[in-house]
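Derivation of every value follows stated rules applied to the coordinates shown; laboratory data play no part. Because the structure is a prediction, the values reported are computed rather than measured. With ideal geometry, Cβ positions are generated from the backbone for all residues, glycine too; neighbour counts draw on all protein chains shown.
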Amino acid sequence: MARRKKIYEGKAKTLYEGPEPGTVVQYFKDDATAFNAEKKDVAEGKGVLNNLLSEFFMTGLTNVGIPNHFLRRLNMREQLVRACEIVPLEVIVRNYAAGSMAQRLGIDEGTQLPRPIVEYCLKDDALGDPLVTEEHIAAFGWATQQDMDDILSLALRVNDFMSGVMFGVGIRLVDFKIEVGRVYEGDFQRLIVADEISPDSCRLWDIESGRKLDKDVFRRDLGSLTDAYSEVANRLGVMPKGATPINRPTLIN
Ligand code: UDP
């Protein structure tokens, strides 16, 4: 069997050339990293959970008309997505203060924000993904003004969808990050949601107890990352058959 071509290896995923032109296979690894990869570990089963959860969220986005790169899940660790040119920005939407914004502005974690706040960071690991303004983005040509209008609209639509879905299972969507990709259709180009949507890229707090169900469990040593992500998957009904947070053997593909 011919070896498939690796396109890119990131911290949590590896990308391979897809079986058809214009497609890419996303393989979800178990590697957990934080603080720009200064902290590393392996969380057994995380890749399977994020593959299933990202499928669930992206399919939900498609169902409400929010364009995204997801095509279909291939197996427990891989999904087929549309190839796109990634805009070099991390788009962060915040509903409650947490993480870097709480620190930067001296706001208590968990404070509800007066409205969703959208922030942009330049995707550049060597620089630690610095926060940038729309002035930087326009001046350096990372995206056009039209792109920025589209990105803002996509980000807020994803926020509305995700907040509602999570609220329905007793979880608060504190903040999240999306990436956006450019696709070309004939003479037109448009922007779509790309990468992944999973507890690796969201802050998710249990509404009743405040328990963290996201990557902060790893960042802050709060227990088992796989248990936290399994809880999210269970509540959303996307846990693989026969698997429970305690009995996880079927998670390993
Ligand atoms: N985030 C992410 N990847 C990054 C940086 C942030 O997925 O490289 C997510 C993070 O999980 C959180 C949101 O974006 O849900 C806001 O993160 P923040 O700026 O507070 O940074 P952090 O505290 O993670 O350094």
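Here are a few things to note about the model shown:
- Filtered residue count, region 32-45, keeping only those that are out of contact with any strand residue (DSSP E or B) (no Cβ under 6 Å at 6 or more places or on another chain) and surrounded by 14 or more Cβ atoms within 10 Å (Cβ to Cβ): 3
- Considering residues of region 175-191 that are in contact with a helix residue (DSSP H, G or I) (Cβ under 8 Å, 6 or more places away or on another chain) and among the β-branched types (V, I, T) only, the residue farthest from the ligand (Cβ to nearest atom): V180
- Yes/no for V87 being under 19 Å from S163 (Cα atoms), β-branched (V, I, T), in contact with a Lys or Arg (Cβ under 7 Å, 6 or more places away or on another chain) and surrounded by 19 or more Cβ atoms within 10 Å (Cβ to Cβ): no
- Selection count where residues are under 20 Å from V232 (Cβ atoms) and among the basic types (K, R), scope region 57-74: 1
- Residue satisfying condition, being in a strand (DSSP E or B) and surrounded by 23 or more Cβ atoms within 10 Å (Cβ to Cβ), within set V232, V180: V180
- Residues within region 62-76 that are in contact with a helix residue (DSSP H, G or I) (Cβ under 6 Å, 6 or more places away or on another chain), surrounded by fewer than 22 Cβ atoms within 10 Å (Cβ to Cβ) and not β-branched (V, I, T), tallied: 2
- Filter pass, N95 being closer than 23 Å to Q26 by Cβ and within 16 Å of the ligand (Cβ to nearest atom): no
- For region 111-143, a tally of residues being within 13 Å of the ligand (Cβ to nearest atom) and over 30 Å from E9 (Cα atoms) returns 3.
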